[in-house]
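Right, one structure below, let's go through it.
The values are calculated or read from the model by the stated rules, or taken from the named source; none is laboratory data. Please read these numbers as outputs of a predicted model, since none were measured by experiment. Using ideal geometry, Cβ is built from the backbone for each residue, glycine included, and neighbour counts are taken over all protein chains shown. We work out accessible area using only protein heavy atoms, side chains counted, and drop any ligands, DNA or RNA first. Shrake-Rupley method; radii C 1.70, N 1.55, O 1.52, S 1.80 Å.
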Amino acid sequence: MHMLTRQRKELLLARLHQDGQIVAKSLSEELGLSEDTIRRDLRELASEGLLQRVHGGALPASPAMGNFAQRQQISSDAKPAIARAAAAMIEPGQVVFIDGGTTAVQLARALP
C-alpha cells in the first residue's frame, strides 16, 4: 500500500482517535509498512504535540504536556480548591517541598 507521508499521518491520527492507542508493530503489519516508517511518523507527530510517544506506539496527547501558561488553564477552578485543602493539611513548623507544577503554585499562594 503506497501512501504519502501526509496520508499516513492522517491515518495514524484517525486510528489513534478511533482506538485510543497505536501499536506500531500491529499497524505496520496491517498497512504493509515498516515499523521504522510508523515510528518516524509517530515521532514527527509527537514533536508537533499531536500525540504522546510511548514504547511500541503512541497514546493521545496529554493536556499536561503543554507549557505552563496552557496548563494553568486546565481545571483552573479546581486548582485553588485543591491548594486550599492541601494547605490545611500542613501544620505550623512542618517543612514541605513543592514542585513547579501549576497546582503547586496555587498551594504556595495558599500557605500563610
For q = 0.10, 0.19 Å⁻¹, Debye-computed log10 I/I(0) when each Cα of the chain counts as one equal scatterer: -0.47, -0.89
Give me the percent of the accessible area of the chain that comes from carbon and sulfur atoms, probe 1.4 Å, all protein chains in place. 55 percent
From the Cα gyration tensor of the stretch 1-61, with a ≥ b ≥ c the square roots of its eigenvalues, which class applies: rounded if a/c is under 1.5, or else prolate if a/b is larger than b/c, or else oblate? rounded
Relative contact order (%) - criterion: Cα under 8 Å, at least six apart; region: the chain: 19 percent
Once you have the Cα-Cα distance between Ala69 and Ile98, take 0.36 nm times their residue separation minus that, and quote the gain in nm to one decimal. 8.6 nm
So for the pair Leu11, Ser34, with labels modelled 7 Å out along Cα→Cβ, what separation do we get in nm? 1.6 nm
If you place +1 on the Cβ of every Lys and Arg and -1 on the Cβ of every Asp and Glu, how big does the dipole about the Cα centre of the chain come out, in debye to the nearest 20? 220 debye
